[in-house]
Structures are given as C-alpha cells and as structure tokens.
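Worksheet for the structure shown next.
The values are calculated or read from the model by the stated rules, or taken from the named source; none is laboratory data. All values reported here derive from a predicted model rather than from experimental measurement. For neighbour counting, all protein chains shown are included, and Cβ atoms are generated from backbone atoms with ideal geometry for every residue, glycine included.
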Amino acid sequence: MNIMLVSVTERTREIGIRISVGARTKDVLLQFLAESITLSLIGGLIGILFAVLITTILGKLTSLTPSIDPIMSVIAFFFSGTVGIFFGYYPAKKASELNPIDALHYE
C-alpha cells in the first residue's frame, strides 16, 4: 500500500493530465489497480522461486529433505494477488478522485 501511495503522489501531475484530457475515474482506478496487482503477483512469484531455490540449496548442503507443497505455493500466490487488490484499492480510489486542476498545480 505504501508503494502505491508513493506512486500516486509522485504521479499526481500525470493523473491530472489524464483526467483533464478525458480519462474517466474508472480508467484511472483500473490503471492503478492493475499496477498494484501486477506488483504483488510478481512479488509472489519471486517469493515462490526464492523458496524453491533455498529448499534446493538446503537439500544439497544438509542431510534434510525439504519439500514445497504445490498447493501451498498456489495459495501463497493467490494470497499475494489478493493483498495487491486489497491494499491497492485505496490509493487507486484516491488517484481516481483527484480534481484535475489541483493535480496539475501539485508540486
């Protein structure tokens, strides 16, 4: 959520320009929701790949036989997407409701 809040704050002028040339609030909302979902799903995928790498390394360096449950990996991936939707909605809603004049004057 913090990353998305910073993204909205940094791109306030861009949002103002988009709204002033005819973008609807729905368009801006969908743009930022898509961005937050993409970020969270990529993060979830990187997390799963990192877990596979660590378990593989641990399996080779120790006498342990670690394993990753594929169902848990899928659940973690979808949970990551859900978190992206949930915590990306507020900044997206905030961005979509900006007044174009105020957004263009923002520094």
I'm checking my understanding of the structure. Among residues of the range 12-55 that are among the polar types (S, T, N, Q) and modelled with pLDDT under 90, which one is farthest from Gly84 (Cα to Cα)?
Ser20
Hits in the range 1-47 (condition: under 16 Å from the mean Cα position of the chain (by Cα) and β-branched (Val, Ile, Thr))
Ile3, Val6, Val8, Thr9, Val28, Ile37, Thr38, Ile42, Ile46
Can you spot a residue in the range 50-67 that is under 18 Å from the mean Cα position of the chain (by Cα) and surrounded by 14 or more Cβ atoms within 10 Å (Cβ to Cβ)?
no
